[in-house]
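Please see the structure below; I have some questions.
The values are calculated or read from the model by the stated rules, or taken from the named source; none is laboratory data. Every value quoted in this text rests on a predicted model; they were computed, and no experiment measured them. No Cβ is skipped: glycine too gets one built from the backbone with ideal geometry, and neighbour counts run over all protein chains shown. We work out accessible area using only protein heavy atoms, side chains counted, and drop any ligands, DNA or RNA first. Shrake-Rupley method; radii C 1.70, N 1.55, O 1.52, S 1.80 Å.
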Amino acid sequence: MSLRQNRMQRLATEARILAYQDLAAVASVSGLALETVQTYANLFFDVVGRMDARGWIKNTVVLDSRYANDFLRSELYRQAYFGGPEVAEHWLQHLTNLDRGAEHDLTTQIGRERERLELEILAAQLPSPLPARIATAFMTESNLQRTPIPNLNSSMSQFVVSAISKRLNDADLDLVFAKLIGREKSRTRDRQSKEFPISKSERKKRSAA
């Protein structure tokens, strides 16, 4: 078995465990002996007794600093843990075709789905919070045209945003970032309303306007 195959097997096994599948089910679907899966889980992936500790799972397992640049791993594990078995199996169905720099056939349903998953992996690498910085980086509100990327914090961020832009056409980008701008405006209004509360009468005036 090659190194890549070993990696895929490990990712699949750990993702299924994170998706709350019992070890017998993991062994069955993986084609492994139950004893093998149990031994592996006990020695190298001992999370079964702490699955309800969401903060620990997220910070220690999903975002394990030892795999800081393995974005396929972190997104797969996040999807598996928070999405459950069906989401995990959907990702695993496409796993070997992801994160390899391949161009997917967008004329087919399976190609479009793999492209969507690739974009999710890329989007997970963007700095947070997203809206203001990313929207400003790509376009102005006046003409929604893409501009240089001056507002991002790192070369990795620039790489990821550039990769996403290459996978989306201009119409897609306009729609995505227009939504992000609207979301940021909504969040700003919410923050302002909490910081500077207004009276009921004033709210009625504004709603009637």
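Specify the residue that is most open to solvent (accessible area, probe 1.4 Å); the eligible residues are those in the range 61-71 that are in contact with a helix residue (DSSP H, G or I) (Cβ under 9 Å, 6 or more places away or on another chain) and assigned to a helix (DSSP H, G or I).
Only one residue tops the list, namely Tyr67.
Among the numbered criteria (1) of a type outside the set (A, V, I, L, M); (2) out of contact with any helix residue (DSSP H, G or I) (no Cβ under 9 Å at 6 or more places or on another chain); (3) surrounded by 13 or more Cβ atoms within 10 Å (Cβ to Cβ), which one does Gly55 miss?
(3)
If you don't mind, there's one more thing I want to ask. Could you identify the single residue in Phe45, Phe71, Phe82 that is without any contact (Cβ under 8 Å) to a residue 40 or more places away in the chain and under 14 Å from the mean Cα position of the chain (by Cα)? Explain how you work it out, then say what you get.
Numbers: Phe45 fails: under 14 Å from the mean Cα position of the chain (by Cα); Phe71 fails: without any contact (Cβ under 8 Å) to a residue 40 or more places away in the chain.
Result: Phe82 is the single residue among Phe45, Phe71, Phe82 that is without any contact (Cβ under 8 Å) to a residue 40 or more places away in the chain and under 14 Å from the mean Cα position of the chain (by Cα).
Of all residues in the range 29-52, which are outside any loop (DSSP other than H, G, I, E, B), within 21 Å of Leu95 (Cα to Cα), open to solvent by 10 Å² or more (accessible area, probe 1.4 Å) and not hydroxyl-bearing (Ser, Thr, Tyr)?
Val29
Being among the β-branched types (Val, Ile, Thr) and open to solvent by 50 Å² or more (accessible area, probe 1.4 Å) is the filter here; which residues of the range 109-121 pass it?
Looking only at the range 109-121, we keep the residues that are among the β-branched types (Val, Ile, Thr), and these are 110, 121.
Result: Ile110, single match.
Sticking with this one: Quick check on my filter: what residues within the range 10-28 are surrounded by 15 or more Cβ atoms within 10 Å (Cβ to Cβ) and assigned to a helix (DSSP H, G or I)?
Leu11, Ala12, Thr13, Glu14, Ala15, Arg16, Ile17, Leu18, Leu23, Ala25, Val26, Ala27
Taking the range 88-104, which residues are open to solvent by 50 Å² or more (accessible area, probe 1.4 Å) and modelled with pLDDT of 90 or more?
Pass one, the range 88-104, residues open to solvent by 50 Å² or more (accessible area, probe 1.4 Å): 89-90, 93, 96-97, 99-101, 103.
Of everything in the range 88-104, those that are open to solvent by 50 Å² or more (accessible area, probe 1.4 Å) and modelled with pLDDT of 90 or more turn out to be Glu89, His90, Gln93, Thr96, Asn97.
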